[in-house]
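Values in this text are rule-based calculations from the coordinates and carry no lab data. Values in this document were obtained by computation on a predicted structure and should not be read as measured data. Note that each Cβ is placed from the backbone with ideal geometry, even for glycine, and that neighbours are counted across all protein chains shown.
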């Protein structure tokens with residue numbers, strides 16, 4: 001059965017120029033001009049299996065192949081994308097191989113949005129096509145907050161997760177977190193040296209990187225430096241971060257940001273190739289088959305994926321099986337009955353890093369997801385082969401309720417203590433009962 005998808009965009013510099021016919025390299029500029037949500041519904045993403053991705057026929061043997069450079073299209077796949085353009089009266093804008101899942105993807109423009117349903121129906125019946133979708137738009141999940149007593153709020157957040165106790169046992173050393181978000185302030189005093197690699201997959205859409213707000217805020221939650229006499233402490237301050245920009249500010253200088261299937265897919269593919277240990281996606285959108293394919297591949301390789309969850313069953317990728325979905329809890333949210341099954345973490349008025357070396361309070365499930373990604377990094381430092389199932393179980397067990405019945409969400413120290421019940425650990429931490437009695 002053909003899978004229905006939705007589309008998204010991509011950095012011009014990453015791909016080889018598409019072949020001619022109904023496509024030319026100049027068409028990429030049209031792709032970027034159609035980026036906004038008003039025009040996205042005129043675009044189609046089509047994908048099909050290409051067993052020759054990453055290789056070229058050897059001149060010495062017609063049946064053998066040699067390695068091809070990253071993101072280069074095979075001649076066969078380019079011919080097929082041109083044929084599809086001719087057969088369905090589509091305009092090819094760009095194409096690229098998604099190397100980690102062995103599929104070739106192409107972006108087409110239809111004459112008008114009314115033609116999209118018909119084009120999807122016809123292409124879904126074409127034996128040459130495995131995936132066809134229109135545009136999916138994703139949004140980050142955080143809102144700015146301002147208060148005049150930042151250190152008090154910061155201390156409450158750290159006490160709630162007991163980060164100081166957790167750091168006596170693990171700080172995320174030798175763990176790499178992949179962050180798919182907007183850009184990051186690479187020179188921020190709390191982030192300088194914490195980003196081991198960065199790449200912008202929306203370069204021709206949004207050239208900014210270090211001035212982007214959302215990614216800078218999320219990065220600070222996870223890996224802000226400790227013991228530097230400046231600012232804040234991240235949940236996993238000794239972890240390294242790979243910052244992959246697939247989202248861009250919704251408006252100039254806004255914290256809200258948007259992404260799409262195209263840029264997100266490229267970022268996930270790159271994260272898999274980079275071998276990250278944790279993949280943080282502080283964003284939500286509609287179900288997306290191409291991203292499902294890639295994220296399932298990531299998890300099959302042992303990457304623990306953490307995503308923001310606003311509480312809607314339609315939140316993706318949080319809704320994907322085995323993804324650790326994280327909701328924000330307010331500090332004084334009342335517990336109804338027993339602990340809920342969802343993973344929760346503090347996400348209300350959390351102090352974090354912002355561009356230009358500044359700080360502010362941010363709220364939302366984006367922040368909660370970043371905190372849990374940091375906790376997972378702590379767990380992985382102690383047990384590098386931690387499985388997805390183990391991570392889920394430990395995070396569930398680490399959720400605490402205070403004496404007055406207020407839920408405190410994931411507790412980093414309790415999570416480490418749970419892991420250390422079955423894994424050799426150094427130093428001592430409070431027992432679960434001791435932690436609960438202090439709340």
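Would you mind telling me the antiparallel percentage of the DSSP bridges in the stretch 161-275, rounded to 5? Don't skip to the end; give the middle numbers.
Details: 3 of 14 bridges.
Looking only at bridges with both residues in the stretch 161-275, the antiparallel portion is about 20 percent.
Take each of the peptides 239-250, 106-117, average the number of other beta-carbon atoms within 10 Å over its residues, and list them starting from the highest.
Working: 239-250: 25.7, 106-117: 17.3.
Highest mean packing first, the order is 239-250, 106-117.
Using only the Cα atoms of the stretch 231-297, build the gyration tensor, take square roots of its eigenvalues as a ≥ b ≥ c, and label the shape rounded, prolate or oblate: rounded if a/c is under 1.5, else prolate if a/b is larger than b/c, else oblate.
oblate
According to the square roots a ≥ b ≥ c of the eigenvalues of the Cα gyration tensor, what is the shape class of the stretch 223-350, taking rounded for a/c under 1.5, prolate for a/b larger than b/c otherwise, and oblate for the remainder?
Details: a/c = 1.40, a/b = 1.10, b/c = 1.27.
Verdict is rounded for the stretch 223-350.
At residue 274 and residue 113, where each label point lies 7 Å from the Cα along Cα→Cβ, what is the point-to-point distance in nanometres?
3.4
If we sort 259-269, 79-89 on the protection proxy, mean other Cβ atoms within 10 Å, highest first, what's the order?
Sorting 259-269, 79-89 by mean packing, highest first, produces 259-269, 79-89.
How far is the Cα center of the stretch 170-246 from the Cα center of the stretch 89-148, in Å?
28
Show me the ranking of peptides 364-371, 94-101, 219-226 by mean Cβ neighbours inside 10 Å, starting with the highest. Intermediate values should be presented prior to the final figure.
Numbers: 364-371: 30.6, 94-101: 22.5, 219-226: 27.8.
Descending packing order for the listed peptides: 364-371, 219-226, 94-101.
How much length would be gained if the chain were fully extended between residue 89 and residue 187, taking 0.36 nm per residue of separation minus their Cα-Cα distance, in nm to one decimal?
30.5 nm is the gain from fully extending residue 89 to residue 187.
So if we plug the beta-carbon distance of residue 49 and residue 196 into 1/(1 + (r/R0)^6) with R0 = 45 Å, what FRET efficiency do we get, rounded to 0.05?
According to the calculation, E is roughly 0.85.
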